[in-house]
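Worksheet: one structure, shown below.
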Amino acid sequence: MDRREAVKSVAFLIGGALSATTIATLFDSCNTPGKNSSNLFTADQEKLVTEIADIIIPTTSKSPGAKAANVGPFITMMIKDCYPEEAQNAFVKGLEDIEERSKKDFGKSFLEISVKERQELITKVRDETIAAQKTEKDKIDQAAKLEQDTKGAKSEKEQPGNPMAVKDKPKTTPQFFAIARDLTMLGFFTSEIGATQAYEYIAIPGRYDGDVKMKPGQKVYA
């Protein structure tokens, strides 16, 4: 199994935790990257991606973190090679916003502030992303309900008062933190470190058992 297939397998297993943008990219569009993607990131932005990933999955007493698993280069590679232009632009804009907020809140570049300050900033961005995704989901759900309620009409032309009669239907907007979180998890858990140290790794497994009883705190199997 190559890395791309491994990524898709892990994405399937944790699909409920992934954003719609990442799911669509991995399973539908992973062949149509945006234009001029080779020069998408500056050298400092690539370092920034690595440090953000290490805040999302830090080193613990039980396993190394995202930086040790070389997740940063995986993220930038995936953004360049797989994500559509809209998502690429959103990700780069997110990196720029992180840098601006770091300078505004702490007077220094993100690469210069402490781990505690980085955690504080990334937590704020995470919470804002969750709130934005909830608002967006509510709008999409309302639009879907309205469309269902008006299905009895013969055509959209007979629904002049129906917002769903126009082309601008609500859609999912790429969110920087959601993409960063998704790719950090995918990169980490498909790496050698993630598979052998964060998971319960068995090099030569025996028979398949689909109903293994897990003990509290036990690692899942790789």
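The values are calculated or read from the model by the stated rules, or taken from the named source; none is laboratory data. It should be emphasised that the depicted structure is a prediction, and the values quoted were computed from it without experimental measurement. Don't worry about glycine lacking a Cβ; one is built from the backbone with ideal geometry, like all the others, and counts go over all protein chains shown.
Worth a mention:
- Sole residue being farther than 13 Å from residue 180 by Cβ and at pLDDT 95 or above, chosen from 112, 136: 112
- Within the range 78-104, residues that are assigned to a helix (DSSP H, G or I) reach partners that are surrounded by 20 or more Cβ atoms within 10 Å (Cβ to Cβ) and among the hydroxyl-bearing types (Ser, Thr, Tyr) with beta carbons closer than 8 Å, at six or more positions or on different chains, in the pairs 82/25; 87/21; 87/25; 91/83.
Each row is one residue, and each column tells you yes or no for (1) at pLDDT 85 or above; (2) hydrophobic (A, V, I, L, M, F, W, C).
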| position | (1), (2) |
| --- | --- |
| 33 | no, no |
| 40 | yes, yes |
| 45 | yes, no |
| 53 | yes, yes |
| 72 | yes, no |
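- Filter pass, residue 187 being modelled with pLDDT of 80 or more, more than 30 Å from residue 144 (Cβ to Cβ) and surrounded by 14 or more Cβ atoms within 10 Å (Cβ to Cβ): yes
- Condition check for residue 65: part of a loop (DSSP other than H, G, I, E, B), among the small types (Gly, Ala, Ser) and surrounded by 16 or more Cβ atoms within 10 Å (Cβ to Cβ): yes
- Of the candidates 117, 99, the single residue that is within 14 Å of residue 176 (Cα to Cα) and at pLDDT 90 or above is 99.
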